[in-house]
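Accompanying notes for the structure given below.
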Amino acid sequence: MADPENKHLEVSDPEVNDSALEAQPSQQVSPVCDYWQQAVQAVLGIVLLLGALAMVHYYLPTTAQGEPPTDLEQQVHALTAQVEQLKQDQAMPAVVLNRYRNSIGYIYGVYQVGFPNQRPLVRARVSGTGFLVGKGLIATNRHVAEPWYGDSEAQKLIDHGATGSLESLVIFFPGSPTPVNLLPASVSKTSDLAVLHAEDQGAESDAVRDLAVLPLAKSPGTPGQLVTVIGYPMGIAGMVAKSPSGIYERMAYRHNDINAASELAALSLIRPSTTCGHLGDVVGDKLIYDAPTAHGGSGGPVFNTKGEVIGVNSAYMDGFSGGTLGVSVDALRPLLQEAQKPH
């Protein structure tokens, strides 16, 4: 939020006719006039002093005065607190984006599903969002870390003995021209959550070490609070749409492939998007809110007004703008503890 505009009031002296002053004979100042001037100044000083005392009495905390606050004083203090909270809430999306933008990355991968010693029956791309939750640890959704999870076509094959596997899975962080390989760490069997390891090799891993870890809230909070969701909805297409005109015209019809993502990274155009809304409900480990998202935003952090992560963005319901779904931080915490254990 911008600071209130400072307005300076300039007061100019009344216009004086120099020629008129020269025409009048000089007069000696009367002692009586001097006395009255001093008297007027004294009276003004007393009035200002009384005004200052009145303001101190009004604004001084009641504990110092030893008197209970009046209803009006209570209302003023309550209203002041509400205004300050409103300012904080409105500023929070910009605060968390500026503070944690570089720690929220775009995940890109290729996976396949098939039977041993046979050509894969399913080969597809996956894109999503991940964010840093510990030393080299990235939180995201299970359906991003294991893309065949929740894929109905792949699930039919798996039910008949096929297996799913990743050909590659990388994460692009804003400000870094090269991606970081992601390795399995801990995947939930009950929630759409996963924690992955950033590969601890090469110059890319050095960049990860310097990134800020996002703070986790103690609880998801209560319905009605404001929330901020950060991620990469629409994946590469969404980032291309936000690019400068020349780059957009050149890349508008590019496929969501690794080369397009690498080109965006080289141009420092890996940039997450922010949406805001309200937490509508908390049901078990599921969060429901109205901050909009799209495919590619899966795995993004959901922040409260304190700048803490209360959940992980996971899905949305078509046709209902208030039906964005996330997984509670309560379900993420034990998964993170498991991933941090030495192997």
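The values are calculated or read from the model by the stated rules, or taken from the named source; none is laboratory data. Fair warning: this is a prediction, and the values are worked out from it, not measured in the lab. Note: ideal-geometry Cβ built from the backbone for every residue, glycine included; neighbour counts use all protein chains shown. For accessibility, only protein heavy atoms count, side chains too; no ligands or nucleic acids. Shrake-Rupley method; radii C 1.70, N 1.55, O 1.52, S 1.80 Å.
In segment 238-250, of all residues being among the aliphatic types (A, V, I, L, M) and free of Cβ contacts under 8 Å to residues at least 40 places away in the same chain, the one that is farthest from Gly105 (Cα to Cα) corresponds to Ile247.
Selection within segment 251-308: residues that are open to solvent by 40 Å² or more (accessible area, probe 1.4 Å) and in a strand (DSSP E or B). The member of this set that is nearest to Gly128 (Cα to Cα) is Thr274.
Considering only residues that are surrounded by 13 or more Cβ atoms within 10 Å (Cβ to Cβ) and assigned to a loop (DSSP other than H, G, I, E, B), which ones fall in segment 188-211? Passing the criteria: Ser188, Ser191, Asp192, Leu193, Glu199, Asp200, Leu211.
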